[in-house]
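**Student:** Sharing a structure with you now.
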Amino acid sequence: MKKFLLSAAILAGIFFAGNVKAQDGAADPNAPVMNFKHDSIDYGTIPHNADGYRYFDFTNSGKEPLIIKEAHGSCGCTIPTWPKEPIQPGQSSQIKVHYATDRVGRFQKTVTITSNANPGSKVLYIMGNVQPDPTPAPGATPAPTPAVPTNGGK
């Protein structure tokens, strides 16, 4: 009985190791491939409440249709929108990312894309600096408005 259990354990180990090796080894040569023009976008220094939309352009350079399963930002201030329909081989599309520019200061966020591509996930990066609204210096008073004559200027 001990020999049988030992033999079964060895066979199970060989089977498990073979499956792990097969999963790690060969990728599907026909799988879709997402090729991005850029995987990071620097907003630069932008004003408070500026346009927070930016676009990541990509092409499916694989041999099968690309299906994006999910895209999510690293926080609630970063919202991606992605194509829901399959992207055919050779076809291009884009992922739209909105950063909430009502938050003042430097930012560095990520967007993680999950798809049937090889590799199955891709991380995109956005960064920048949102300036505060300009405010008058403390103690400054606004310039006086010139008086308008009420008698028609006579």
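Throughout, read-outs are computed from the coordinates displayed, never taken from laboratory work. Here the structure is a predicted model, which means the values were calculated and not measured. With ideal geometry, Cβ positions are generated from the backbone for all residues, glycine too; neighbour counts draw on all protein chains shown.
**Student:** Sequence neighbours fewer than 8 away in the same chain don't count; with that in mind, list the aspartates and glutamates whose C-alpha is under 13 Å from K37.
**Tutor:** K37 reaches D57.
**Student:** Hey, another quick one. Could I have the simple spin-label model distance between Q88 and H72, label points 7 Å from Cα toward Cβ, reported in nm to one decimal?
**Tutor:** Those two pseudo-labels are separated by 3.3 nm.
**Student:** In nanometres, what is the gap between the two model label sites at Y53 and V104, each 7 Å from Cα along Cα-to-Cβ?
**Tutor:** 2.7 nm
**Student:** Next up: Give the average over all directions of the projected area of the C-alpha convex hull of the stretch 34-130, one decimal, in nm².
**Tutor:** 5.5 nm²
**Student:** Follow-up. Measuring from centroid to centroid over Cα atoms, what is the spacing of the stretch 90-138 and the stretch 27-61 in Å?
**Tutor:** 9 Å
**Student:** Where nothing but the Cβ of Lys and Arg (+1) and of Asp and Glu (-1) is charged, how large is the charge dipole of the stretch 34-130 around its Cα centre, in debye to the nearest 20?
**Tutor:** Values: 10 positive and 8 negative charges, 22 e Å.
Approximately 100 debye in magnitude.
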